[in-house]
Structure formats: structure tokens, C-alpha cells
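Quick notes on the structure that follows.
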């Protein structure tokens, strides 16, 4: 027997059946029936954000920290358009989120009604898939299908646009088990023949390297375990993209650190000099490859990816393996063990000796200054004072993000929330809220720059309202640091609009929001100030005044290969040619 | 069909030769895409092409299975082999897309297009137009004392050739359906 209920009730019922207990949202005219249903139940907790963009980033943070899809509920028109940045961010970083938007009644669609926007049209290119529900009978089935699409294959954002009359009307509820999840069933098992080739390559490689990415996180904690087992058993060095940090522990003996534009010297040179590159769930992003025709010239390349379109998109690979990282790594381990656990130990030992030489360069070294706090030092101290704690780090976008990736160590997956692909300033504050909602007792820190932080600072209201003790650790250089750095290196030190002339007093701002503000400008006070932040049981805005003209190194200049890294101030003169200057 | 036409274990394509080995020869391929017949599916396909900068030479779409709610989109596109592979992989990623067939590499196909061609003229030109239409097996589907509308079916090349011949004879307007294609054999 099918259950009859209103569309609005169906939304709540379907979310419950999908195991959803948390929704981030903002009400408005076109979603009032759903909000009315939310009011009359207890199973789903709704978190009222201050801006719809914040709702989507919070859902992203929640999803990234739990492995479960994040859910967002917003109204039509501006509610939906404000969600677009978050949707695009989630699409680029493959984060599973389900966004429910209200829509004007079906009979008014196309009439330029109040708060009408062509939501499915606008979000078509920034969602994995989207639906406009025209009939209440189909609503619950679509919601179940949406969760399936968001979470299977390469995860991503989906959107369901629900007109107000569909919410009011009654229809038949489709149970989760009976919902058609369409033909969309991405392949998870890799091709055994290619997997065997990869194992053969692992057995003979002299200079192998693992290059891992966000796909390992998305595949679940099991994939990280398998990766660790494989890396430790083979003794092969491993590096990771920004999105994959934590899959292999930073304290692990084979860890090289992050690679890419601001990656570690040893990691990038290992990529450049390897003879076997094993890409596990990464996508040869341009921040990673640098100049394509000089990218890792002497290596054979294997690429494990669940998305066929990632393979051979920018880099031609020799061993493409389409499948889920966890499934493929399991098979790789199985085959490798069955064939006698062979590796070219002697050669790999020599390879490590070379890597140790590169490591001696100590590319992250800096001189702590006595007078002003250097941002690297601030992060070093944050790392030291939070080590061993159940810690989740979010970031905004810019220099501080790269420094956080360089100077903080991640021991486990799902502990690092950052906007990688889209580079969305304003991501971190709402993301930290989503993470704290998912893990109420954990230490959640948003490492931010003051410029990024201002972009979604309204969400401190959300943090205070729900008593979410998120720590906003702002490295304040009164500049758009990364923009300033590029202007210095590329645009003749003409600092066009890259500083903020009228910054707020962050301590007073914290007080205005009803949380705690801490100002620190003296390196001598830094430890005490950080401890004060960590010990405070509530949200904190930490204004850390840092060196204003610090540049982020190492750096691969645009248009250059991995072995042309800049290590510090002395090497930056005319480092970027006119060709590189056109690239971002 | 494998989602990608990558030779297994091929080692000659190393990234070192990325630019050179990613051939810059432009190829024309005919793709048949089977999709759920639902609102917006054509917009998704077209949006993919415009958003990622791929070419569309011709595109036709119509429902082919009413009960199964499936439509067939036939796309003729031009690009380097690498771009063609990307197009197929990207199409395969769209949720309502069931199958993507590259008819150009899957053992060849028959391709046909229908065109309506309006020609105006009198006297010798009118006679000549009718004579050529006969040679091309084009039919007259509308006639006035000063004009004809011809209907022609055939490969796009044949239609092109006929249109070119009609130009000096008083060509007024052309309407073409775009290519419909099926693979040869079973």
C-alpha cells in the first residue's frame, strides 16, 4: 500500500529515509510548506545559516568530514542563485551534496514571477545532475535517486527544484527501496589485466612514486587503509595533492609532503624524476602538472580514477584503471601479494637516497623574526599546540591555505576541508560550521586570511546561535596575500587593489557577534594566545597580525616544470616568463 | 564498448611527448547518443559542447522509443583524437545518457540527411533545375510558376553538391534536418 502525503511531508520523509539528520538552510516564500513540516518534527535538525552560500559550504564541510552527503534547503530565485558558488565548488572538488530549492508554482513558471529564476537552467553546468519536479507523485522517487547520483561514482552536487504547488499537493510516497535509481551505476571494479600490469610495473620500478588525491578520501576510510598498507609494504614514496592530504599520515615514513605549485621540493622533484607514477584518485590538475610537455618526462604512468573522463584528459597515461580507489587498491594488493610481494628494493633504496638529498634543502625553512609573527611560525605553533588532538582544519583560499597545507600535518582522511578546484574565498568559515555540526566535540579550526574570512563572516552568527565552538584563526596581513605575491612577481610590484584599507577591529567584531576575540601581534605572546583560543569553550575569532609582505614558497612559476621551483626570495627575479604570465 | 579507446598497456604515449603525441589532426566523427527523453537532456548535451569548447557540425534529436522514453541524439563533431575521446567520456558522464556510440570507429555507418531546397526561376534555368533534381533523385514537393521546393535525401556531401548546383539556378532557401545515422550490419 502506498502512503499518500503532501509534497512537503514527502521531502522530510525521504530525507529521513535517506538517513539525513542535519540540514543547512534558509527559508523563503517558495519553501514555506517544507519549513512548516520541519517545524513539526524532531528527526531532522535544521541549521539556519546567514546566507545561502554559507549553507552550501557548511554542507560541503559536513560531507567532507563525515563521508555522508550534505543537505541544503533554500528558497527560489535569490536563494538558488546564492547557492551557485557552493554548487560549483562541490562539483570541482567532487563533494556529495543534495540541494533542495523552492520554486514558484508550476503554473507560474516562465511568467517572471516574484523570486523566480530558471534554477535548473542556471545550475545545469554546476551540478552533477538536477531535477525540476512537476508532479508530487514523482517527488520522493527523485529525492531517492538524487542521493544515489550524488554519492555514487565520482560524487558531486545535485539539485532538486520543487515548485510550491508540488509541495502543497498530495501524492504517493515511493519508499527508498522501491525507488528507481536509474541506469546510473558507475563501474567500481578495475580491469584486472591493467591492474596486473601495474603490479608488474611496481615490481620492477626503480624510481616509483605514489601521487594521490581526493579520490582516496571520497572512496572512504577503507581506501586510505589499503593505501597505507600498500605504501608501507612496498616502501614507495608517496605525495598527495591538496585534496588528498591525510590519506597517508604526515608522520608516515614514506611521506614526501604535498606536491604541486606550492608543494614541497622533494615531492615535486620525485614527481619529475620518477620512472613510475601511480596516480591514485587525482586528476592531473594544472596546479599539479605545471608545464605539460615537461611533466614527469621519464615515467610510465598509471591512473586510477572512477571517472573515465579524467583519464587522458590532460596527461596521456600508460595504465588507465577505471574504478573506485578502494576496490582497485584491494585488487592491486591482492595481485601483488599473490605474485610474491616483489619490489626492486635496491633501486628504491637508491631512489630514497636521492630524495633525502632533496629533503636536505629543507624547502619550508624560514627565520622566525623577533618582532612580527611570520605566518609560517604561527602555523608551526598551531600545529605543535594541537598535535594529538581530534582536530579538523578548514581553510579559506590563498597564501594561508598553502601554508596550512605545508606546515600542518594530517594523520587521517576527512580532517582537512579546503576549496581546491574552484578556489572559493569565503569557503572556510561556513565549512568549519558544517564540520563542527558533524563533530560537536572535536576541535575545528578555520585557518583563514582576513580577506577571505570577510567574505562569509556573517556565518559567525550561525556559530554563535548553535554554540558551535569553531576557532577562526585569521592570519591577518592586511593584504590579499596571494594576489599581492603575484603582483610582486609578475606585475612589476604594482599592487593594484590587493590591500584592505578599512579592516574591522576583529576583537570588537567578535564581541558584536557574541563570541570571543583574541588579538595577537607579538611572537612572544603567540603560544599563550593560541592556548587561550583552544581552551575557550565557544567560537573564537583570532586576529593574528602577521608579516605583511611574506611570500609563499616553494613555488613552481606558471608555465614552468617541476624542476624549476623557486625556493625563496633570491630566486624570484624574472622567474616567470611572458608565456607563464598569461596563466593563473 | 569500452569507455575509452586506450590501448591496454601502451607505453609509447608518455607525457614527455604530450603535445606532439596528442595529434593535432582534426577528425570528423559521428556520435549516436541514447538518452532518457526528459526535459533538459538536450540542453545538457549542448551545454557540454559549448561549455567545454567542442564543435558541433550537425545535431539531430528525436524520440525513438516511446515506451522506453528514450531519444537518440546524432552528433557530428570535429576535433583532435584526444578531444573526440574527451567528448565521448564527458557525454558518458551525463546521468540521463545511456549509451554513447562512435559510429565512425565502430565499423562504419550509413548517414542520411533530408533537405528542402527552394529554387526560383523561369525558362532555361527552371528546366535545368528540374533536370538536375532528376539526376539527384530529388522530388518536387511544391511548385508555383516561378519556383520549386525540392526534397532531397542522401549523405551530407550529396546534399551539399545539390545545393551548390542550385545556387546559380536561383537558390532561395535551404532547410536541412541534420544527419541521422545508424551503424552498418548487426
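Could you please rank B:88, A:178, A:313, A:189, placing first whichever residue has the fewest other Cβ atoms within 10 Å of its Cβ? Mind dumping the intermediate values first?
On the way: B:88 24, A:178 11, A:313 19, A:189 14.
Ordered from fewest to most neighbouring Cβ atoms within 10 Å, B:88, A:178, A:313, A:189 come out as A:178, A:189, A:313, B:88.
How big is the antiparallel share of DSSP beta bridges in the protein assembly as shown, given as a percent to the nearest 5?
Values: 49 of 115 bridges.
The antiparallel proportion sits near 45 percent.
Within 10 Å of each Cβ of B:88-97, how many other protein chain Cβ atoms are there on average? Show your work: numbers first, answer last.
Working: counts 2, 8, 4, 1, 4, 10, 3, 14, 4, 2.
Mean shielding count: 5.
Ranking request for peptides A:392-398, A:245-251: highest mean number of other beta-carbon atoms within 10 Å first, then the rest in descending order. All intermediate terms of the calculation are to be shown ahead of the outcome.
Working: A:392-398: 27.9, A:245-251: 21.1.
In decreasing order of mean packing, A:392-398, A:245-251 become A:392-398, A:245-251.
Please report the base-10 log of the normalised intensity I(q)/I(0) for the protein assembly as shown, using a Debye sum with one equal scatterer per alpha carbon and no solvent, at each q in 0.05, 0.06, 0.11 (1/Å).
Log10 I(q)/I(0), no solvent term: -0.30, -0.43, -1.26.
Can you bin every Cα-Cα distance in region A:22-166 into 5 Å intervals starting at zero and give me the percent of pairs per bin, rounded to whole numbers?
Once binned at 5 Å, the Cα pair distances of region A:22-166 give 2, 11, 21, 25, 22, 13, 4, 1, 0.
From other protein chains only, count the Cβ atoms within 10 Å of every residue's Cβ in A:295-304, then give the mean.
Taking all residues of A:295-304 together, the mean is 3.
Take the alpha carbon gyration tensor of region A:192-359, find the square roots of its eigenvalues, order them as a ≥ b ≥ c, and report rounded if a/c is under 1.5; if not, report prolate when a/b exceeds b/c, else oblate.
rounded
Two decimals is fine: what's Rg over Rh for region A:224-284, C-alpha atoms, Kirkwood radius as Rh? Write out the running numbers ahead of the final one.
Working: Rg = 10.7 Å, Rh = 11.7 Å.
Here the Rg-to-Rh quotient is 0.91.
Arrange B:101, A:129, A:46 by Cβ neighbour counts within 10 Å, fewest through most, would you?
Details: B:101 20, A:129 24, A:46 17.
If I rank by nearby Cβ atoms, fewest first, I get A:46, B:101, A:129.
Rank these for me by crowding, A:467, B:72, going from fewest to most other beta carbons within 10 Å. Walk me through the numbers before you get to the answer.
Working: A:467 12, B:72 20.
In increasing order of surrounding Cβ atoms, one gets A:467, B:72.
Quick one: Debye curve from the alpha-carbon atoms of region A:375-552 only, equal weights, vacuum; give me log10 I(q)/I(0) at q = 0.14 Å⁻¹ to two decimals.
Result of the Debye calculation: -0.68.
Give me Rg/Rg_expected for chain B, where Rg uses Cα atoms only and Rg_expected = 2.2 N^0.38 Å with N residues. Spell out each step's value before the answer.
On the way: Rg = 20.4 Å, N = 186, 2.2 N^0.38 = 16.0 Å.
That works out to 1.27 for chain B.
Hey, how many Å between the Cα centroid of region B:40-66 and the Cα centroid of region B:69-132?
Here the answer is 12 Å between Cα centres.
Among A:535-543, A:214-222, what's the highest-first ranking by average C-beta atoms within 10 angstrom per residue? Write down the numbers at each step before the final one.
Values: A:535-543: 19.6, A:214-222: 23.8.
Packing proxy ranking, top to bottom: A:214-222, A:535-543.
When you look at the Cβ of every residue in B:118-127, what mean number of other chain Cβ atoms sits within 10 Å? Walk me through the numbers before you get to the answer.
On the way: counts 0, 0, 0, 0, 0, 0, 0, 0, 0, 0.
Averaged over the peptide's residues, the number is 0.
Which of the peptides A:272-283, B:36-47, A:356-367 is most tightly packed, and how do the rest follow, judged by the mean count of other Cβ atoms within 10 Å per residue? Don't skip to the answer; put the middle values down first.
On the way: A:272-283: 25.1, B:36-47: 16.1, A:356-367: 13.8.
Answer by packing, highest mean first, reads A:272-283, B:36-47, A:356-367.
No lab work stands behind these numbers, since they all come straight from the coordinates. Only a predicted model underlies this, so the values are computations on that prediction, with no experimental measurement involved. So basically every Cβ, Gly included, is an ideal-geometry build from the backbone, and we count neighbours across all protein chains shown.
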